[in-house]
Amino acid sequence: MGARSSLAGARESVVVVARGSVARPWPLYATGMQVANVAGAVFVFGFLQFLLPGGDAVRLGELLDPQRIGPFLAYLVFTAVVSTVVAWWLALPVIVWQQDPGDGERGLVARDRALRIPQLLAWVYAAFWLVGGIIFVVSTAQSVELVVITSVTVVIGGATACAVGYLFAERVLRPVHAAAMAVGDASLRHPPSVSSRLLVGWAVSVLVPVAGILVVTNSALTGSLIADSSAVLTSIMALCAALVVASFVVTKLTSSAIADPIAQLRSALRRVEAGRFDTPVRIFDATELGQLQAGFNEMVRSLAEREQIREVFGRYVGPDVARRALNDGVRLGGEERFVAGLFGDLVGSTTLATRRDPAEIVALLNEFFRVVVEVIDRFDGLVNKFLGDAVLAVFGAPLEHPDPAAAALGAARELAQRLPYVLHAGADDEPVGFGIGVAAGTVVAGNIGASHRLEYTVIGDPVNEAARITELAKDEPGAVLASSVAVERAHPDEAAKWMIVRSVELRGRGVASELAAPGRGDAAAGGPLR
């Protein structure tokens, strides 16, 4: 029973790997082994047949004599089979990882293997061509001069196969490399590089044709060739033409492979500067450019997370407090500031809660706070606290305000006009009362609490005074009262809109305080403040 289970598991693994092999770029990758070898062989036979001058060319009919080249042809068949097996063996850990991605040791090894495959294939090509080259030279040896020329040609052909195989594998496996880099693990040890790509491209487009030119030239100068000078020059011209064409094609492809990711990053950078953090760039490959793209995506994710934290943080403590905390850091303590405080409170909300559904009460409070926050923000104040059905706003902290008293008084007047239209108890349209008190003076503004849990607040007599005034304002016809100090410290244009309405001793203060209301009063009460 155990053997059957193991066999079934093995079959299932084979099916999974087979499906992954077909679905990914692996068939094309395996084909690249044969493409690279064919490219090297084409160079060898093409050079010996067509690029050697005149009578020195090795004719294909003579070269492919079965009696002489039979061992080499058998080796080619053997190489085609073994190279395919080796290609799949190198890719097997990566294919398994693609089917079941993981971040453990197995995933790290597989991703590192994915990045190393082009280099590993180049070494495999080199080994095959070393053995095949020896067999080919021995099989075709006719003279010492021909052995030297054939050996050099095989070396150049092997280098061509290695270079083409590297470039082909690196190009075909770019999606796999991008997936390996997208995990963001800096411990990968063998990523390909832009410099290696450039060097390999240079070898294919420049070194190979130049080496061919050197072979022909050196053979002509040493007397190894019997052809005349015109045939030698013709061969050199053909090799020069191949040099020009190959270098142009490789340079064009290489430049686009470098310029395209940079252009994409520039475009993405402009989007990030505009505040769009939801547009990561596509990772092209695993070179330094791909690593730069992966780093850019990680940076954008960090910026988006920070922006989200800043937005949420700002909703809780106010955007000004959040901005100051992010820019200057957070520390306990405070500083003296002249501020104006505005305290707003609803009337009868406790009784209302016994007669209405909790959802209706929440909706009522949210509507009340919505209007308050909107008005306070418009006058550049800070909503410092929500206290049940009450709210405390501060003008002049944490940021400096040119006229905190006038701003608080203006906000209070606007609230007195807008709140009656939005505060209703429910279906019976019964309005909910409110009171707004304004006071001004020196306070200590800063962070209080513990090092791991703190809040920004203002502490001082003006805050308590504003709360006491609010209780009196609930019985005032306009529902708004302000201390005379706040009116006196405000700009004359704002102060002229307030009138002294009463003098009263506020709870806990021990002295009489003059209170003003917007736009009403009489001569006995003292008239308008100037």
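The values are calculated or read from the model by the stated rules, or taken from the named source; none is laboratory data. Predicted model only: the values in this text are computed from it and were never measured. In this analysis, Cβ positions are derived from the backbone assuming ideal geometry, glycine residues included, and neighbour counts consider all displayed protein chains.
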Say whether the condition of being among the aromatic types (Phe, Trp, Tyr) and either modelled with pLDDT of 90 or more or at positive phi (or both) is met by at least one residue in the stretch 386-406. yes
Would you mind finding the one in Leu108, Leu7, Leu48, Leu90 that is modelled with pLDDT under 70 and either buried (at least 17 other Cβ atoms within 10 Å of the Cβ) or not assigned by TED's automatic domain parsing to the domain that holds Thr160 (or both)? Leu48
Only one of Glu145, Glu170 is in a helix (DSSP H, G or I), in the same structural domain as Val35 (by TED's automatic domain parsing), in contact with a helix residue (DSSP H, G or I) (Cβ under 8 Å, 6 or more places away or on another chain) and modelled with pLDDT under 75; which? Glu145
Top-ranked residue in the stretch 386-410 [being touching a strand residue (DSSP E or B) at 6+ places or on another chain (Cβ under 6 Å) and of a type in the set (Gly, Ala, Ser); ranked as surrounded by the most Cβ atoms within 10 Å (Cβ to Cβ)]: Ala408
Screening Arg323, Arg306, Arg331 for residues that are at pLDDT below 75 and surrounded by 15 or more Cβ atoms within 10 Å (Cβ to Cβ) leaves only Arg323
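Of everything in the stretch 375-385 that's crowded, with 24+ Cβ neighbours inside 10 Å and outside any strand (DSSP E or B), which residue is modelled with the lowest pLDDT? First the steps, then the outcome.
Filtering the stretch 375-385 for residues crowded, with 24+ Cβ neighbours inside 10 Å gives 376, 381-382, 384.
The next check asks that each one be outside any strand (DSSP E or B); those that pass are 376, 381.
On the way: Ile376: 89, Gly381: 86.
Checked the stretch 375-385; the qualifying residue modelled with the lowest pLDDT is Gly381.
Is it the case, given these coordinates, that Phe296 is modelled with pLDDT of 75 or more, touching a helix residue (DSSP H, G or I) at 6+ places or on another chain (Cβ under 8 Å) and surrounded by 18 or more Cβ atoms within 10 Å (Cβ to Cβ)? So that I can check it myself, show each step before the final result.
Numbers: modelled with pLDDT of 75 or more: yes; touching a helix residue (DSSP H, G or I) at 6+ places or on another chain (Cβ under 8 Å): yes; surrounded by 18 or more Cβ atoms within 10 Å (Cβ to Cβ): yes.
The answer is yes for Phe296.
Please verify whether Gly341 is closer than 24 Å to Val444 by Cα, modelled with pLDDT under 80, part of a strand (DSSP E or B) and assigned by TED's automatic domain parsing to the domain that holds Phe386, treating the condition exactly as stated. I'd like the intermediate steps shown before the answer.
On the way: closer than 24 Å to Val444 by Cα: yes; modelled with pLDDT under 80: no; part of a strand (DSSP E or B): yes; assigned by TED's automatic domain parsing to the domain that holds Phe386: yes.
Considered against the rule, which asks whether it is closer than 24 Å to Val444 by Cα, modelled with pLDDT under 80, part of a strand (DSSP E or B) and assigned by TED's automatic domain parsing to the domain that holds Phe386, Gly341 comes out as no.
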Of the listed residues (Val444, Val372, Val362), the one being in contact (Cβ under 8 Å) with a residue 12 or more places away in the chain and part of a helix (DSSP H, G or I) is Val372
Going by the conditions given, is Asn384 touching a residue at least 24 places away in the same chain (Cβ under 8 Å) and among the polar types (S, T, N, Q)? yes
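Hydrophobic (A, V, I, L, M, F, W, C), at pLDDT below 90, out of contact with any Leu (no Cβ under 6 Å at 6 or more places or on another chain) and under 16 Å from Pro404 (Cα atoms): is that true of Val485 in this structure? Explain how you work it out, then say what you get.
Numbers: hydrophobic (A, V, I, L, M, F, W, C): yes; at pLDDT below 90: no; out of contact with any Leu (no Cβ under 6 Å at 6 or more places or on another chain): yes; under 16 Å from Pro404 (Cα atoms): yes.
Considered against the rule, which asks whether it is hydrophobic (A, V, I, L, M, F, W, C), at pLDDT below 90, out of contact with any Leu (no Cβ under 6 Å at 6 or more places or on another chain) and under 16 Å from Pro404 (Cα atoms), Val485 comes out as no.
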Quick one: is Arg197 at pLDDT 75 or above, in a helix (DSSP H, G or I), within 43 Å of the chain's Cα centre (by Cα) and not β-branched (Val, Ile, Thr)? no
